[in-house]
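The values are calculated or read from the model by the stated rules, or taken from the named source; none is laboratory data. Please read these numbers as outputs of a predicted model, since none were measured by experiment. Neighbour counts run over all protein chains shown; Cβ positions are idealised from the backbone, glycine included. Protein only, heavy atoms only, side chains kept; ligands, DNA and RNA dropped before computing areas. Shrake-Rupley method; radii C 1.70, N 1.55, O 1.52, S 1.80 Å.
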Amino acid sequence: MATRIVSKAFELNKADGTKVPFAVGDEVEGDLAEHWYVQHHSEDPKAKPKAKAEQPAQ
(Lines give C-alpha, C1' and ligand atoms only; values in the text may rest on other atoms or scores of the structure.)
Protein backbone atom coordinates (compact mmCIF):
# COMPACT_ATOMS: atom_id res chain seq x y z
CA MET A 1 0.00 0.00 0.00
CA ALA A 2 1.35 3.40 -0.97
CA THR A 3 1.90 6.06 1.67
CA ARG A 4 2.64 9.74 1.07
CA ILE A 5 3.47 12.59 3.46
CA VAL A 6 1.86 15.95 2.65
CA SER A 7 4.50 18.64 2.02
CA LYS A 8 2.14 21.46 1.02
CA ALA A 9 -1.37 21.90 2.48
CA PHE A 10 -4.19 21.45 -0.02
CA GLU A 11 -7.84 20.44 -0.41
CA LEU A 12 -8.75 17.54 -2.68
CA ASN A 13 -12.06 17.81 -4.52
CA LYS A 14 -13.26 14.23 -5.05
CA ALA A 15 -15.43 13.10 -7.97
CA ASP A 16 -18.47 12.75 -5.69
CA GLY A 17 -18.25 16.45 -4.75
CA THR A 18 -16.77 15.98 -1.29
CA LYS A 19 -13.73 17.97 -0.26
CA VAL A 20 -10.91 16.44 1.77
CA PRO A 21 -8.48 18.88 3.46
CA PHE A 22 -4.87 17.87 4.06
CA ALA A 23 -2.35 19.64 6.29
CA VAL A 24 1.44 19.53 6.09
CA GLY A 25 2.69 16.31 7.70
CA ASP A 26 -0.53 14.34 7.17
CA GLU A 27 -0.08 10.74 6.03
CA VAL A 28 -2.13 9.71 2.99
CA GLU A 29 -2.60 6.01 2.28
CA GLY A 30 -4.30 3.73 -0.21
CA ASP A 31 -6.05 4.94 -3.34
CA LEU A 32 -5.84 8.59 -2.28
CA ALA A 33 -2.04 8.34 -2.15
CA GLU A 34 -2.06 7.29 -5.82
CA HIS A 35 -4.10 10.33 -6.94
CA TRP A 36 -2.00 12.67 -9.13
CA TYR A 37 -2.98 15.78 -7.14
CA VAL A 38 -2.01 14.16 -3.84
CA GLN A 39 1.32 13.10 -5.34
CA HIS A 40 1.95 16.66 -6.51
CA HIS A 41 1.52 17.98 -2.93
CA SER A 42 3.30 15.19 -1.08
CA GLU A 43 6.48 13.16 -0.82
CA ASP A 44 7.26 9.48 -0.68
CA PRO A 45 8.65 8.86 2.82
CA LYS A 46 10.87 6.07 1.45
CA ALA A 47 12.43 8.20 -1.31
CA LYS A 48 16.01 9.38 -1.03
CA PRO A 49 16.35 13.11 -0.32
CA LYS A 50 17.07 15.17 -3.43
CA ALA A 51 20.46 16.76 -3.68
CA LYS A 52 20.41 20.56 -3.75
CA ALA A 53 21.22 21.99 -7.14
CA GLU A 54 24.48 23.84 -7.35
CA GLN A 55 24.12 27.59 -7.09
CA PRO A 56 25.16 29.50 -10.20
CA ALA A 57 28.31 31.62 -9.93
CA GLN A 58 27.61 35.26 -9.23
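Taking a point 7 angstrom from the Cα of residue 47 along the C-beta vector, which residues in region 1-31 have backbone N less than 13 Å away?
Counting only backbone N, you get 3-8.
Tell me which trypsin sites (Lys or Arg not before Pro) from region 1-48 have a DSSP coil assignment and no more than 13 other beta carbons within 10 Å of their own.
Working: sites: 4, 8, 14, 19, 46; in loops: 8, 14, 46.
Listed in order of number, the matching sites are 8, 14, 46.
Report the extension gain between residue 18 and residue 39 in nm, rounded to one decimal, defined as 0.36 nm multiplied by the number of residues separating them, less their alpha carbon distance.
Extending this stretch completely gives an extra 5.7 nm.
If you add up the charges near residue 21, with Lys and Arg at +1 and Asp and Glu at -1, over every other residue whose beta carbon is less than 13 angstrom from its beta carbon, what do you get?
Values: positive: 8, 14, 19; negative: 11, 26.
Spelling it out: positives minus negatives among the neighbours equals +1.
What accessible area per residue comes out for region 1-46, rounded to a whole number of Å², with a 1.4 Å probe?
Ligands and nucleic acids excluded, the figure is 72 Å² per residue.
Residues with amide H under 5 Å of residue 2's amide H, sequence separation 5 or more or different chain, H placed in the peptide plane at 1.01 Å from N; which?
When sequence neighbours closer than 5 places are left aside, the close amide H contacts are 30.
May I ask you to list the aspartates and glutamates whose Cα is less than 17 Å away from that of residue 14, ignoring any residue fewer than eight positions away on the same chain?
Straight-distance partners of residue 14: 29, 31, 34.
Within a Cβ distance under 12 Å of residue 42, other residues only, what is the Lys/Arg minus Asp/Glu net charge?
-4
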